[in-house]
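What follows is calculated from the coordinates using simple rules that are stated; it is not laboratory data. Just so we're clear, the structure is a prediction, and the values are computed from it rather than from any experiment. Positions of Cβ are backbone-derived with ideal geometry, glycine not excepted, and every protein chain shown enters the neighbour counts.
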Amino acid sequence: SVPSFVLNSGARIPSVGLGCWMGAPVTAGSAVDEETYTMVRNALDAGYTHFDTASGYRSEEAVGKAIRDSGIAREKLFVTTKLALARKSVVDAFEQSLKKLDVGYIDLYLMHWPLTIDASTGKTIPFPQSPTFSEVWIEMEKLLETHKGKVRSIGVSNFSIKNLEILLKTAKVVPAVNQVEGHPYLPSLELDGYCKSKGIHMTAYSPLGAGATSPLLTDDLVLSLAAKYDSTPAAVVLAWNVARGWSVVPKSSNPTRLKQNITLPPLSTSDLSLLSSLHKSSPSKHRSLFVYPGSGEKGDLFGWRVKED
Ligand code: A2P
């Protein structure tokens, strides 16, 4: 199994997990539902112990069922899910996720975004209009008491330094994790340093770049390191993230690629620093699902820009 990191809650998070966002919401009985279930079963067979889902992905039921059907002891697994954006009570949202997953407890519960959406209008509620993410966080903190044993750690996702600073002013519990997009083309170095200084573990989503056509996977340096270590481009970029202390949650529906993504090469210090410099020499290749050059408006609007360079 892969190494793990210790969170500020005392829990351990396996360094590689399976991202369970299928690129579209999963609906019960759909082909994607089946695909998700099969993916998670295959991942469990391949030795994955960490699964990352969200109420917004609508894959919680398929993920939970695959875990239960595997018969693998719950204590061996780490399951993350995320609070929906909709404006409803945090307790209700949490209990719904708990029920859908039906795996006894949730290892890590994340606030999916630093914003809330008004369920009746579908519009985002602009900061600092209530409920702010700081208010939502207070409700998440309460879960640790009211739902002891049902949630082991709480954290956030898509938080910039600016938003973390706001959150930490009133937070009693420092988030265990901040999950953002992260890979050599989008290293978020400042955010990484800030989170390390606060004891917040970072998890990278889309750690291969953005999707199957990610230019990162055909980058000359990445290709040469894959050849050098008799590995794959994906494993090289994942190993880089793990070496800097981040966990990664790549998604793959393909059994061969699933195995590649948990077999990480031991990159040398000098090769790691070459990868760390990649973002400087390849700015035109920066890719991000949400924030990328020329299209930062969404991130700016929500105030959760994670891209800093
Ligand atoms: P597939 O599921 O067909 O393997 P995300 O950014 O959500 O983590 O998605 C990762 C994307 O990269 C998916 O489209 C996935 O496609 C693809 N992928 C996953 N692992 C690998 C790999 N080892 N090599 C190449 N592509 C990969």
Inset, instruction - Show the residues, 5+ positions off or on another chain, whose built amide H is closer than 5 Å to the amide H of residue 229. - result: none
Inset, instruction - Hey, can you grab everything whose amide H is under 5 Å from the amide H of residue 181? Only 5+ residues off in sequence or another chain; H modelled, so Pro and N-termini drop out. - result: 205
Legend entry - Exposure proxy ranking, count of Cβ atoms within 10 Å, fewest first, for 51, 5, 94, 133: 5, 133, 94, 51
Legend entry - Histogram of C-alpha separations across segment 127-255, 10 Å bin width, %: 12, 36, 28, 17, 7, 0
Legend entry - At most 10 other Cβ within 10 Å, DSSP loop - trypsin sites (Lys or Arg not before Pro), segment 167-214: 172
Legend entry - In sequence order, calculated HN-Hα J values of segment 247-254 (Karplus, 6.51, -1.76, 1.60; Hz; x Gly/Pro): 8, 10, 10, x, 9, 8, 8, 9
Legend entry - Amide hydrogen neighbours beyond the local backbone of residue 50, cut-off 5 Å, H modeled: 18, 78
Legend entry - segment 244-279-segment 66-101 distance, computed between alpha-carbon centres (Å): 27 Å
Inset, instruction - Quick one: order 146, 132 by neighbouring beta-carbon count within 10 Å, fewest to most. - result: 146, 132
Inset, instruction - Can you tell me the relative contact order of the chain? Whole percent, Cα pairs under 8 Å, sequence separation 6 or more. - result: 18 percent
Inset, instruction - Quick one: compute the contact order of segment 196-244, relative version, from alpha carbon pairs under 8 angstrom and 6+ residues apart, as a percent. - result: 30 percent
Legend entry - Between segment 18-53 and segment 155-203, the alpha-carbon center distance in angstrom: 26 Å
Legend entry - Phi-based couplings in Hz for segment 14-23 (Karplus 6.51, -1.76, 1.60; Gly and Pro marked x): x, 5, 10, x, 9, x, 10, 8, 8, x
Inset, instruction - Can you give me the span-like helices of the chain, meaning DSSP H runs with 27 Å or more of Cα extent along the axis and Kyte-Doolittle mean at or above -1.0? - result: none
Inset, instruction - Would you mind classifying the chain by shape? Square roots of the alpha carbon gyration tensor eigenvalues, ordered a ≥ b ≥ c; an a/c under 1.5 is rounded, otherwise it is prolate if a/b is larger than b/c and oblate if not. - result: oblate
